Amino acid sequence: MKSDFFTYQAQTSPHPLAIEISHAKGSYIYGSDGKKYLDFVAGVSANSLGHHHPKVTEAIKNQLDAYTHVMVYGEFIQKPQVDLCKQLAATFPIENAAVYITNSGTEATEGAIKLAKRVTNRGEIIAAKQSYHGNTQGSMSVSGVEKQNRAFRPLIPGIRFIGFNETAEIAQITEQTAAVILETIQGGAGFIQPTNGYFTKVKKRCEEVGALLILDEIQTGVGRTGTFWGFENYDVIPDMIITGKGLGGGMPIGAFIASYEHMSLLKNNPKLGHISTFAGHPVIAAAANATLHEILNSDLMKDCLRKEQLIREKLQHPMIQEIRGKGLMLIALLETPELATNVIYKCLDRGLILFFLLFEGRALRITPPLTISDEEIELGCEIIMNVLDEFQHSIKN
């Protein structure tokens, strides 16, 4: 199997973790060799309720028994889609919110950019340096790391970048700007939170010049930071939200959310202004509905903040320079990328899955399922601490 993996499946990195998977349940993934791994990554924040959650699995099976794909998005009335849009709209603190379901977060970014241009009749999009919004051409165009983008240029025109948390650069938002797109917490750059009322200032400037504020909640949304949307922590209400990852409970999905007035512009002049064959797939929408219901009707969000404090308490080590992030979207920052890489692979050997960030090589990603238990957190942190002790000892000797 491993040989076929490297021979026939296109690779995305030089050194994939390459665990051959047998099955997964709860907070654990099991290799075909029988070894079990405690999952501190949750499919890069996607498996909100862990693996093989019974309510998500039941929703998928029930929908499979009813119907799967029947028509392109938005033409037939399908209960899983309608229920999902209704649940999501109720979480957005604006009147008359409407939801466009997509197949992924990067597709949601594409849709949001298109809608912003349609609403404002402007062409300029402002994004943040060191940002990441996805890997399609449009999403890459608003992602602010040139080493990631250089090989794929030319990208779409009309994009400008400002520094995240750089208040002085907010003035670059002008009457030419259709929208400002920002991650609620910068992910790939190192889990950097907004400071000093940054979002409030950006929103005020957008209102002054008639631009829209789009917040990318692909990683921060669906309860991961202790509130349903990450922006609820920062005293701002955006004009549009992008979501994905944890929304599907492990199934591929995304969505963008805006006012019904704005969203309605996609159906006329031209009609079919945004269309997708498999968006809102009923099986995936059913999984998302079950995921949302569980998160919204439990203590999981509140527990995120308590579990964050437990992780911070257990990960106190001289080799950890800082713990960044909020809720269960955390990184442990080490001194060098080389050390972080070695720790990640050593922890994997010990049965703990950690992962990298795109642009901050010193980071250990800690984004476990929201359902992870205190005992599992303590076990994972103990493995990290033991590995760090070993590296510290080897350096001293």
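The values are calculated or read from the model by the stated rules, or taken from the named source; none is laboratory data. Worth saying up front: this structure is predicted, and the values here are computed from it rather than measured. No Cβ is skipped: glycine too gets one built from the backbone with ideal geometry, and neighbour counts run over all protein chains shown. Surface areas here come from the heavy atoms of the whole protein model, side chains and all, with no ligands, DNA or RNA. Shrake-Rupley method; radii C 1.70, N 1.55, O 1.52, S 1.80 Å.
Here are some notes:
- Remark on residue 41: its backbone amide H falls under 5 Å from those of 367, a criterion applied only to residues 5 or more positions apart or on other chains, H modelled at 1.01 Å from N.
- By a 1.4 Å probe calculation restricted to protein chains, residue 349 has an accessible surface near 100 Å², given to the nearest 10.
- Hydrodynamic radius of the stretch 170-311 per Kirkwood, over alpha carbon pairs, in Å: 16.8 Å
- The smallest convex shape that holds all Cα atoms of the chain, its convex hull, gives 155 Å³ per residue.
- Taking amide hydrogens as placed 1.01 Å from N in the peptide plane, the amide H of residue 102 sits under 5 Å from those of 254, 255, 256, 280, each at least 5 positions away in sequence or on another chain.
- For the residues 156, 253, 275, a GNM of the chain with alpha-carbon springs under 10 Å puts the largest fluctuation on 156.
- Farthest toward the positive end of the dipole of the chain, out of 179, 23, 309, is the Cα of 179, where the dipole comes from beta carbon charges about the Cα centre.
- Heavy atoms of residue 371 accessible to a 1.4 Å probe, total area in Å² rounded to 10: 50 Å²
- Computed with a 1.4 Å probe over protein heavy atoms only, the accessible area of residue 201 comes to about 80 Å².
- Computed over the stretch 1-143, the ratio Rg/Rh where both radii use C-alpha atoms and Rh is Kirkwood: 1.02
- Per residue accessible area in Å² of the chain, where ligands, DNA and RNA are left out and the probe is 1.4 Å: 45 Å²
- Close amide H contacts of residue 212 (hydrogens built in the peptide plane, cut-off under 5 Å, sequence separation of 5 or more or a different chain): 179, 180.
- Largest GNM mean-square fluctuation among 157, 14, 282, using the chain with Cα springs under 10 Å: 14.
- Centroid-to-centroid separation of the stretch 119-191 and the stretch 62-102 [C-alpha atoms, Å]: 29 Å
- Taken over the stretch 74-126, the alpha-carbon convex hull comes to 119 cubic angstrom per residue.
- Here the Kirkwood formula, the inverse mean of 1/r across different C-alpha pairs, assigns the stretch 216-270 a hydrodynamic radius of 12.3 Å.
- From the alpha carbon centroid of the stretch 323-397 to that of the stretch 7-58 is 17 Å.
- Result for the chain in a Gaussian network model with C-alpha springs under 10 Å: among 168, 97, 290, the largest mean-square fluctuation is at 168.
- Loop-located GluC sites (Glu not before Pro) in the stretch 290-392 (DSSP state not H, G, I, E or B) with no more than 16 neighbouring Cβ atoms inside 10 Å: 335.
- Dipole in debye (nearest 20) - the stretch 184-240, about Cα centre, beta carbon charges: Lys, Arg +1; Asp, Glu -1: 140 debye
- In order along the stretch 15-20, phi translates into HN-Hα couplings of 9, x, 5, 6, 7, 7 Hz, rounded to whole numbers, per the Karplus curve 6.51 cos²θ - 1.76 cosθ + 1.60 with θ = phi - 60° and x for Gly and Pro.
- Report summary: the helix-based calculation at 222 nm, which adds -39500 (n - 2.57) for every DSSP H run with n ≥ 4 and divides by the residues of the chain, gives -11000 deg cm²/dmol.
- Percent carbon-and-sulfur accessible area, the chain, ignoring ligands, DNA and RNA, probe 1.4 Å: 53 percent
- Pairs of alpha carbons in the stretch 161-200 whose separation is greater than 14 Å (percent): 48 percent
- Protection proxy ranking, highest mean first, for peptides 257-269, 209-221: 209-221, 257-269, where packing is the per-residue count of other beta-carbon atoms within 10 Å, averaged.
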